[in-house]
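Structure, as structure tokens:
The values are calculated or read from the model by the stated rules, or taken from the named source; none is laboratory data. Just so we're clear, the structure is a prediction, and the values are computed from it rather than from any experiment. Every residue, glycine among them, receives a Cβ derived from its backbone with ideal geometry; neighbour counts consider all protein chains shown. Accessible surface is based on the protein model in full, side chains and every heavy atom, while ligands, DNA and RNA are left aside. Shrake-Rupley method; radii C 1.70, N 1.55, O 1.52, S 1.80 Å.
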Amino acid sequence: MSRNIFLALTLLLSLTVVSPGKGKGQNILLVTIDTIRFDRIGIHTKKFVKTPNIDKLGKKSIIFKRAFAHTPLTLPSHTNILTGTTPLFHGISDNNRFRLDDKFLTLAEHLKSYGYDTGAFVGSFVLSKYFKLNQGFDLYSEPEKSNELIARDVIVPSVNWLKKRDKPWFLWVHLWDPHTPYDPPEPFKSRYNNDLYSGEVAYMDSQLGYLFDYLTKKGLMENTTIVITGDHGEALGDHGETEHGYFAYNETIHIPLIIYNNSLKPAIIKNNVSHIDIFPTICDLAGIKTPGDIQGRSLIPLIQNKVTEEIPIYIEAKSAYHSKGWAPLEGYITKDRKFIDLPIKELYDLKNDFREKKNIISRVNITGLYRVLNSLKEKLSGKYSNLSRKEIDPTALKKLKSFGYLTGIVQKKKARFTREDDLKVLLPIQQKLTRARKLSKNGKYNEALKLYMEVKKERPDNIAAILHMSEIFHKTNRIKAGITIIEEGLGKNPENRELKLRYGILLVADNRFIQGKNYLLEVLKEDKNSGEAWHYLGIAYFKGRQPDKALESYLKALDTEKTNPQLFNNMGTLYLTQFLKSRNSDLLDKAISGFKQALSLNPDLPSALNGLGAAYRFSGNKEQAIIYWKRALKNKQDFIQVYFNLGITLIELGRKEEAGKLLNFLKEKYYSKLSPRDKNQLHKFLSYSQ
């Protein structure tokens, strides 16, 4: 029984079953460029950047001047492209807390049923196989040692994959480069030093040249369909938005779309088209059937001037709704009109005002606009959209958080939204949150705190600001301030899991480990997979001198925290402490292994360097211990304990002069930071070094 038939029988989905067969043998190359503005492709305008490789292909292709994304976010947009359906059908409307349910058919699955080899090479964790867009791909290559890859590291392996193909293939190449932070390699960084975003676009284009040249040299252009598009744009300050995902103005949803096929004459199409049209168009060009549930339409009749009917294009932006509880944005584009449904409604005349500067909502009867929107939503909605709403494991949440997404935060949703919930009204808050995040990422914690404080004052219900403030207080060792801010948040949101988790963590850090343990256990009752809760519960047990329970908690944390160096460091510390009590050499070996694992993930982690030095000292390898302690001081010059460890070991080895210099440096530089006990110890060691 085929997979689709099974789904139809068991879930009564309306997915059309397509029998495997043969198409025209047409190869398919899909290139998606992340965060690419329409006006940053040279063939559209040369004002900002040169993109010679895309332009060269574009001159032989169909160019769509009015192509739109349905969503200004990476995961939803690629899901729209690869399923040919909107978020109303597949259910993915944000980058976090969603994974595509395997009940939905992807383009790769469909092409594979026709005998295609299928390969994907994506440049960011945001499109990791974890989020299930890998369905149907024989090979799904994604970043492994980092969260993103530059274009070369995506394109070179994709060409290597092509070299091994001996039958029709479908290749998806996703290029992350134009995404923030903008940091293009040389010479593009110098060439575009005043516009690094465009520099990233130029670099990306240069790497595409390698892929296009390979296709040309191998004579593959004649039987390869190439689709180039963007998942969404970048606001770059337009409408007050710096990046994307908040609003749905044209700077973030008007995207390039170029389709090359040797049988199609180059042309420029000015009709409105969208991401969901790509799937059926590829089917047409490949000579295969289009599944019945595809919500887009093939663009071939439009290209051939056989149809001119405009179909409304559904749009949405719901990131702020999911992460902050603000009003959800929905709307549509039809002909030269664009309607945005928010508490403060918007309507734009795209013929005369494509940059959406003048809201003309007062000129029309809003009832008619709602009639179209409601009809469109009803037509596009699917019964099983909730299937893609998933709990995301802590490891994935942490990675998403590194991109700046407000992951893990669950804000209460209102039943009814008013003007005060409108994204335009809340834009100053959003701008402060964005600036604060960037400042915090760059280590400017006090400046970030000032902005978060302002947000908290204006929106006391904003859990994101409270959580981010508490994290900064934790990083800067202002634990009690972090506890106070979380207590204020819990006073208004006593059942919020994220606040309870952060409270438990801070209480443990404040050595109130019994109270902290209780909060962490409460979190784990709701979410037994919270690696962060298990980790800090282990610390609480360790501080409470319950090593067996500490180890048990650490091991459970490993299920989702495999890339957390601090967890391995803490396990090493636990094993080393137990070794000192029992002198069991197996425990010492485990301690060394734990510290080494921590350092493999973060080579500069001072606590792991110190721990490994101590472990080597107890194993009798004092020279190796000294190497690691010196590395620890290089990364953390005020690490008091390391001075004592290193000083006494140098004295034991007869290197008294070296020990004296080290300990005198400690006295001159950090004497005021020493406890009375440490001061006595220092004077004792200095006398030994004479």
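Could you please state how large a percent of the accessible area of the stretch 32-191 is carbon and sulfur, counting protein chains only and using a 1.4 Å probe?
On the way: 2570 of 5170 Å².
The computed percentage sits at 50.
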Exercise. Taking all pairs of different Cα atoms in the stretch 629-690, averaging 1/r and flipping that mean, what Kirkwood radius in angstroms comes out?
Worked result: 11.4
Problem set entry | Positive-pole candidate from V642, G84, L171, dipole of the chain, charges at beta carbon | V642
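Explain nothing, just the number: dipole magnitude of the stretch 533-640 about its Cα centre with +1 on each Lys and Arg Cβ and -1 on each Asp and Glu Cβ, in debye rounded to the nearest 20.
Values: 15 positive and 9 negative charges, 60 e Å.
Dipole size: approximately 280 debye.
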Exercise. In the structure shown, do any of K129/K556; K630/K656; K549/K636; K270/K335; K103/K145 have a Cα-Cα gap over 19 Å, and if so which?
Worked result: K129/K556; K549/K636; K103/K145
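Beyond 16 Å, what share of the Cα-Cα pairs of the stretch 54-122 is found? Please give it as a whole percent. Please report the intermediate quantities before stating the final value.
On the way: 1396 of 2346 pairs.
Here the long-distance tail beyond 16 Å is 60 percent of all Cα pairs in the stretch 54-122.
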For this session: With a point put 7 Å past each Cα toward its Cβ, work out how far N518 is from T45 in nm, to one decimal.
Result: 6.1
Exercise. What translational diffusion coefficient, in µm²/s and rounded to a whole number, does the Stokes-Einstein relation yield for the stretch 559-690 at 4 °C and a viscosity of 1.567 mPa s, taking the hydrodynamic radius as the Kirkwood radius over Cα pairs?
Worked result: 85
Seminar exercise, completed: Label model pair K265, K383: point-to-point distance (7 angstrom along the Cα→beta-carbon line) in nm is 4.7
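Of the GluC sites (Glu not before Pro) in the stretch 258-332, which ones lie in a loop per DSSP and count no more than 16 other C-beta atoms within 10 Å? Don't skip to the answer; put the middle values down first.
Details: sites: E309, E310, E316, E330; in loops: E309, E310.
Within the stretch 258-332, the qualifying GluC sites (Glu not before Pro) (loop, at most 16 other Cβ atoms within 10 Å) are E309, E310.
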Exercise. Rounded to the nearest 0.05, what FRET efficiency do K357 and T242 have when you use their Cβ-Cβ distance and R0 = 22 Å?
Worked result: 0.75
For this session: Calculate the length of the line joining the C-alpha centroid of the stretch 47-72 to that of the stretch 545-603, in whole Å.
Result: 52
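Estimate the FRET efficiency between D195 and K56 by the formula 1/(1 + (r/R0)^6), using the beta-carbon distance for r and 22 Å for R0, to the nearest 0.05.
Values: r = 22 Å, r/R0 = 1.02.
Once the sixth-power term is evaluated, E becomes 0.45.
What FRET efficiency do you get for D527 and E668 if R0 is 35 Å and r is their Cβ-Cβ distance, rounded to the nearest 0.05?
Values: r = 49 Å, r/R0 = 1.41.
Using R0 = 35 Å, I get an efficiency of 0.10.
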Exercise. Given 0.36 nm per residue, what is the gain on full extension from N305 to T418 after removing their alpha carbon distance, in nm?
Worked result: 36.2 nm
For this session: Just need the relative contact order of the stretch 293-396 here, percent rounded to a whole number, with Cα pairs under 8 Å and 6+ apart.
Result: 16
Seminar exercise, completed: Quick calc: nm separation of the 7 Å Cα→Cβ label points for N223 and S619 -> 5.8
For this session: Could you tell me the largest-minus-smallest coordinate of the C-alpha atoms of the stretch 76-211 on each of the three principal axes, in descending order and whole angstroms?
Result: 47, 38, 26
Exercise. Picking from P547, L521, I33, whose Cα lies most toward the positive end of the charge dipole for the chain (charges on Cβ: Lys, Arg +1; Asp, Glu -1)?
Worked result: P547
Problem set entry | Dipole of the chain [Lys/Arg +1, Asp/Glu -1 at C-beta], most positive-end residue of G136, Y246, N610 | N610
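When N counts the residues of the stretch 258-349, how does its alpha-carbon radius of gyration compare numerically with 2.2 N^0.38 Å, as a ratio? It would help to have the intermediate numbers written out before the result.
Details: Rg = 16.5 Å, N = 92, 2.2 N^0.38 = 12.3 Å.
That works out to 1.34 for the stretch 258-349.
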Exercise. Taking Cα centroids, how far is the stretch 619-673 from the stretch 267-311 in Å?
Worked result: 70
Seminar exercise, completed: The extension gain from Q546 to I366, computed as 0.36 nm times the residue separation minus the Cα-Cα distance, is 58.2 nm
Exercise. About its Cα centre, what dipole magnitude does the stretch 499-547 give when the only charges are +1 on Lys and Arg Cβ and -1 on Asp and Glu Cβ, stated in debye to the nearest 20?
Worked result: 160
Exercise. Which trypsin sites (Lys or Arg not before Pro) from the stretch 46-110 combine a DSSP loop assignment with at most 13 other Cβ atoms within 10 Å?
Worked result: K46, K47, K59
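Quick one: what do you get for the stretch 18-133 if you divide its Cα Rg by 2.2 N^0.38 Å?
Details: Rg = 16.2 Å, N = 116, 2.2 N^0.38 = 13.4 Å.
In units of the globular-protein estimate, the stretch 18-133 measures up at 1.21.
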Problem set entry | the chain - accessible surface per residue (Å², probe 1.4 Å) | 43
Exercise. On a 0 to 90 degree scale, rounded to 10, what angle separates helix 513-526 from the longest Cα axis of the chain?
Worked result: 20
Problem set entry | Inverse of mean 1/r across different Cα pairs in the stretch 424-539, Kirkwood, Å | 14.5
For this session: Give me the angle, in degrees from 0 to 90, between the Cα long axis of helix 585-601 and the longest principal axis of the Cα atoms of the chain, rounded to the nearest 10.
Result: 40
Problem set entry | Convex hull volume of the chain per residue (C-alpha atoms, cubic angstrom) | 192
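For a quick protection proxy, order the peptides 152-161, 268-277 by their average other-Cβ count within 10 Å, most packed first.
Numbers: 152-161: 18.0, 268-277: 20.6.
Put in order of decreasing packing, that is 268-277, 152-161.
Pairs of alpha-carbon atoms within less than 8 angstrom and 6+ residues apart define the contacts here; what relative contact order does the stretch 220-328 have, in percent? Show your work: numbers first, answer last.
On the way: 126 pairs, mean separation 25.9, N = 109.
Rounded, it is 24 percent for the stretch 220-328.
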Exercise. What do the square roots of 5 times the Cα gyration tensor eigenvalues come to for the stretch 203-274, in whole Å, largest first, as semi-axes of the equivalent ellipsoid?
Worked result: 31, 17, 8
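Mean separation of Cα pairs under 8 Å and 6+ residues apart, divided by the residue count of the chain: what relative contact order is that in percent? Could you put the intermediate results ahead of the total?
Details: 1259 pairs, mean separation 81.4, N = 690.
Relative CO of the chain lands at 12 percent.
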Exercise. On a 0 to 90 degree scale, rounded to 10, what angle separates helix 547-557 from the longest Cα axis of the chain?
Worked result: 20
Problem set entry | Size of charge dipole - the chain - debye, nearest 20, with Cβ of Lys, Arg +1 and Asp, Glu -1, no other charges | 840
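Within the chain, what percent of beta bridges assigned by DSSP are antiparallel, to the nearest 5? List each step's numbers first, then the result.
Numbers: 25 of 52 bridges.
Of all bridge pairs located within the chain, approximately 50 percent are antiparallel.
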Exercise. So how long is each side of the stretch 126-205 along the principal axes, counting just the alpha-carbon atoms, biggest first, in Å?
Worked result: 44, 27, 19
